[in-house]
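Presented below is the structure to which this report refers.
The values are calculated or read from the model by the stated rules, or taken from the named source; none is laboratory data. The shown structure was predicted, so the numbers you read here are calculated from the model rather than taken from an experiment. Because the Cβ atoms are built from the backbone with ideal geometry, glycine has one as well, and the counts that use them run over all protein chains shown.
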Ligand SMILES: Nc1ncnc2c1ncn2[C@@H]1O[C@H](COP(=O)(O)OP(=O)(O)O)[C@@H](O)[C@H]1O
Ligand SMILES: [Mg+2]
């Protein structure tokens, strides 16, 4: 489901014209200045600016917020920004919990805390994440991974605004703003019975879907500059900058790993580059070219070519926003051939 009134297509000419985009961004002015005044924003794209305005409004309430989007799009960053806006410098706690990373058997004790002697090994009482976040924000990441038994308990905690430590008799009040996040389609999880419908409605009061980076290319160079400035601070003030070709390379890349991938690409380039001027090779050598390491592992030529083809098709499809006809035309092959190749490689449009 597309929730944004303005899809990427509305502000990026189709098919993607990198030169025009570079020009557009240059005329916007801001991204070419060193990251500074817009330091704490989320980006230049209409989509992220709309989210930022929304956060400003949400900060005044303590409603539950659900943030969805692919891995690396900045869901936690958005949650932290909401907290910072609501907090206004009062230094209240922000507690982030990855529900998928905690074994099911420990989740209740981790979230709600436990009393001394509640179970073997509970030699001392402990506060759970809800208590630690009291007065502030509890960020429940990958909430779709929560086992059904915990889903019931979470629902109760949200409804009654109380929690009960494991091994305790009485519940007590906690005052937290709950922000949940997931890269999964929660609605689908509800349909397939993996996620409780009542909990879904409870946490899905305000929904912020974060678009993938390839759908908001105006943010790419803006983010890249922030990361360059960070690296500059870390590495004795070296004035890192992108060459024009490097900028074009960044804009053309589909960024399947989103902002996380961009951040790592910049970090790596700053570490590896011999000059402050970052070249496309330093930046995208690894990102754009399938690693040659396969050859060292005895990969056959045929296997390597297959891998290159798959990657190239994925990038081409992503650049054409997964329009089969346009992609086939750009690649100089028929639609049928493209379909067959997609089938052979198991390529499918990523879920939104
Ligand atoms: N607006 C932003 N400005 C700077 N860095 C960002 C921004 N959004 C995300 N990041 C960085 O990108 C990486 C991935 O963001 P994160 O919030 O963890 O994504 P997600 O939770 O969706 O997987 C983190 O290192 C984060 O600091
Ligand atoms: Mg995350």
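The table below lists the values:
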quantity: Members of region 44-85 found to be surrounded by 16 or more Cβ atoms within 10 Å (Cβ to Cβ), in contact with a helix residue (DSSP H, G or I) (Cβ under 8 Å, 6 or more places away or on another chain) and in a helix (DSSP H, G or I), listed by number; calculated: 46, 47, 48, 51, 52, 55, 58, 78, 81, 82, 85
quantity: Hits in region 310-328 - residues which are modelled with pLDDT of 85 or more and outside any loop (DSSP other than H, G, I, E, B); calculated: 310, 313, 314, 317, 324, 325, 326, 327, 328
quantity: Residue count, region 33-48 (criterion: at pLDDT 60 or above and more than 10 Å from ligand 1 (Cβ to nearest atom)); calculated: 4
quantity: Residue list for region 149-177, restricted to those being closer than 13 Å to residue 107 by Cβ and under 25 Å from the mean Cα position of the chain (by Cα); calculated: 150, 151, 154
quantity: Search result, residues across region 254-271 that are out of contact with any helix residue (DSSP H, G or I) (no Cβ under 7 Å at 6 or more places or on another chain) and either within 13 Å of ligand 1 (Cβ to nearest atom) or not in a helix (DSSP H, G or I) (or both); calculated: 256, 257, 260, 261, 264
quantity: Pairs where the first residue, in region 66-80, is touching a residue at least 12 places away in the same chain (Cβ under 8 Å) and at positive phi and the second is within 8 Å of ligand 1 (Cβ to nearest atom) and assigned to a loop (DSSP other than H, G, I, E, B), C-beta under 8 Å, 6+ apart; calculated: 69/183; 69/210; 74/42; 74/210
quantity: Segments classed as helices (runs of 4 or more DSSP H), wholly inside region 174-253, with at least 3 members that are within 16 Å of ligand 1 (Cβ to nearest atom) and over 17 Å from residue 275 (Cβ atoms); calculated: 218-234
quantity: Residue within region 86-95 that is surrounded by 15 or more Cβ atoms within 10 Å (Cβ to Cβ), more than 17 Å from the chain's Cα centre (by Cα) and within 16 Å of ligand 2 (Cβ to nearest atom) present; calculated: yes
quantity: Residue within region 118-129 that is in contact (Cβ under 8 Å) with a residue 40 or more places away in the chain, more than 16 Å from ligand 1 (Cβ to nearest atom) and under 24 Å from residue 74 (Cβ atoms) present; calculated: no
quantity: Output for region 100-121, where each listed residue is more than 11 Å from ligand 2 (Cβ to nearest atom) and either in a loop (DSSP other than H, G, I, E, B) or more than 18 Å from residue 165 (Cα to Cα) (or both); calculated: 102, 103, 113, 115, 116, 117, 118, 119, 120, 121
